[in-house]
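Please treat every number below as a calculation from the coordinates, not as lab data. What you see is a predicted model; the values in this text were computed from it and never measured. So basically every Cβ, Gly included, is an ideal-geometry build from the backbone, and we count neighbours across all protein chains shown.
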Amino acid sequence: MPAVFLFMKITEIKKQQKGKDRFNIFIDGNFAFGLYKDTIADFGLRVNDDLSETRISEIKEIDEFNFGKKAAFDFLSYRQRSRKEVYDKLKLKKISEHTISKILLFLENLNYVDDRAFTKSFIASAASGKPSGKKLILQKLLKKGIDKNLAESILNENYNEMTEYENAKILLLKYLPKIRQKENYEIKKKCFAYLASRGFDYETINILLNSELNK
């Protein structure tokens, strides 16, 4: 017995009031779904066109990809993002797992999403402004979804013991004037706690404090 295809008719295409370049599609007199103007143009959709369920699914999948791609580009326009950050953003937009995977692959092929490059950039930023210790940088990278082995490998390549020491020293010299009126034992205690909270390892802190506080 031959397959029977049920067709539904587009009865109206109406521009959305708030959605830029978005249009509401009405099927058989009822609102069915929203589409981008580009999707409508790509498929050549017009009022009175007949659509099968299969065709509608195809159209909606392409439109979701275009919608998610635009959301990802907007998100990436502010700064570099990790793969997980982009994934989480698209999940908030209620985009399907299948489409998210396609979008991430598309972005990775264009090098718009690259966790290795992101990690290197993140480490460089952490070394400027208000420096952070290696432990805190690693913790933040893991929180952003960077693979632990990748994060540790790049940290070891770009953040050596001397960098750790110099960054800790920068913070210490800025912090000391705020507590100079304290007793010596309290100064050391507060400095240690402050540097530890910024992710510096205990050995580096001890060496630095013995050097700077005993002058």
Percent relative contact order for the chain, counting Cα pairs under 8 Å at least six residues apart, stands at 14 percent
If R₀ is 30 angstrom, what is the calculated FRET efficiency for the pair residue 130 and residue 186, using the beta carbon separation as r and rounding to 0.05? 0.80
Distance between modelled label sites at residue 153 and residue 16, nm, 7 Å Cα→Cβ extension: 4.1 nm
Let me know the longest stretch in the chain that avoids all chymotrypsin sites (Phe, Trp or Tyr not before Pro) found in a DSSP loop with at most 12 other C-beta atoms within 10 Å. 79-215
Under 17 Å Cα-Cα from residue 70, which aspartates and glutamates qualify once same-chain neighbours fewer than 8 residues away are excluded? 21, 38, 42, 61, 85, 88, 97, 108
Where the centroid of each part is defined by its Cα atoms, how far is the stretch 141-215 from the stretch 10-60 in Å? 58 Å
Just to confirm the filter: which GluC sites (Glu not before Pro) across the stretch 115-215 are DSSP coil and have at most 10 other Cβ within 10 angstrom of their Cβ? 183
Could you name the lysines in cross-link range of residue 140, using Cα to Cα under 16 Å and dropping any fewer than eight places away on the same chain? 84, 120, 130, 148
Starting from the Cα-Cα distance between residue 173 and residue 77, subtract it from 0.36 nm times their residue separation and give me the gain in nm to one decimal. 31.0 nm
Nearest-ten-degree value, helix 53-76 long axis tilted from longest Cα axis of the chain: 30 degrees
CD proxy, 222 nm, the chain: helix-only mean residue ellipticity via -39,500 (n - 2.57) per DSSP H run with n ≥ 4, per residue, nearest 500, stands at -19500 deg cm²/dmol
I need the calculated FRET efficiency for the pair residue 96 and residue 139, taking r as the beta carbon distance and R₀ as 41 Å, to the nearest 0.05. 0.85
